[in-house]
Amino acid sequence: MLPKIKPMNIHQLSVIYDERHDRLILKLNTQDSKEFRFWLTRRMAIRLIPALDQSVVKLEAAQPGIAATDEPTQKLLTELKRDAFLQTADFATPFSSEPQELPLGNEPLLITDAQLNMQANGSLQVTFQEKLGPNGQSCLLNLQATLVHGLIHLIRQSMTKADWGWMPQGEHISAAESPSAMPEQTAYKH
């Protein structure tokens, strides 16, 4: 069994394209000054985005007081929530990369597998795993809907900057997410 890191109180997210490695580096820092680093390959990022999109639709539809039962209404609700989130999210605060602790080590974890599970408390449990060699590692994250929206936005933005020839197929892209509207946002402060 792979070791797991307990869920954390995420303070900031950052996703940046690393040209030298031709990968995205996802960084999370916590309220208690821990930093977790992950490599996302093109293949993993392309597979992760639709799964995150489907999960955030379910998260938003499960919010108390929401009566969106059919799929088109749920998707519309999610698009409205995403647009509202992008209008108010703090992408201006630079990512604070002076951790007191790097629980996964100095080198980012190369994500080879990811599992997403909806939780009864209204969060999304994401397990990132590196299954290379006999000593694989994993990290367990609990994300609220706002963090999932932020993560999706930052990954999409970085994938566009990577020029991987990827564009979401049949998905809504808000004006704030279009390539022409993307300033140098690399971090989201929660």
statement: Within the stretch 67-83, restricting to residues that are out of contact with any Leu (no Cβ under 7 Å at 6 or more places or on another chain) and outside any helix (DSSP H, G or I), the one that is modelled with the lowest pLDDT is Ala67
task: Name every residue in the stretch 36-48 that is surrounded by 19 or more Cβ atoms within 10 Å (Cβ to Cβ) and either of a type in the set (D, E, K, R) or assigned to a helix (DSSP H, G or I) (or both), in order of residue number.
output: Arg37, Met44, Ala45, Leu48
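The rows are residues; the columns are (1) surrounded by 14 or more Cβ atoms within 10 Å (Cβ to Cβ); (2) in contact with a helix residue (DSSP H, G or I) (Cβ under 6 Å, 6 or more places away or on another chain); (3) of a type in the set (Gly, Ala, Ser).
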site: Asp53; (1), (2), (3): yes, no, no
site: Val56; (1), (2), (3): yes, yes, no
site: Leu102; (1), (2), (3): no, no, no
site: Gly105; (1), (2), (3): no, no, yes
site: Leu110; (1), (2), (3): yes, no, no
site: Gly136; (1), (2), (3): yes, no, yes
- prompt: Can you tell me which of Ala145, Ala175, Ala187, Ala181 is within 15 Å of Ile10 (Cα to Cα) and at pLDDT below 85?
  reply: Ala187
task: Identify all residues within the stretch 19-35 that are of a type in the set (A, V, I, L, M, F, W, C), buried (at least 19 other Cβ atoms within 10 Å of the Cβ) and either under 15 Å from Glu107 (Cβ atoms) or at pLDDT 95 or above (or both); write none if there are none.
output: Leu24, Leu26
- request: State yes or no: is Ser123 in contact with a strand residue (DSSP E or B) (Cβ under 9 Å, 6 or more places away or on another chain) and more than 23 Å from Ala62 (Cβ to Cβ)?
  value: no
- prompt: Of the residues that sit in the stretch 113-127 and are surrounded by 16 or more Cβ atoms within 10 Å (Cβ to Cβ) and not aliphatic (A, V, I, L, M), which one is modelled with the lowest pLDDT?
  reply: Ser123
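The values are calculated or read from the model by the stated rules, or taken from the named source; none is laboratory data. All values derive from a computational prediction rather than experimental measurement. Counting neighbours? That spans all protein chains shown, and the Cβs are built from the backbone with ideal geometry, glycine included.
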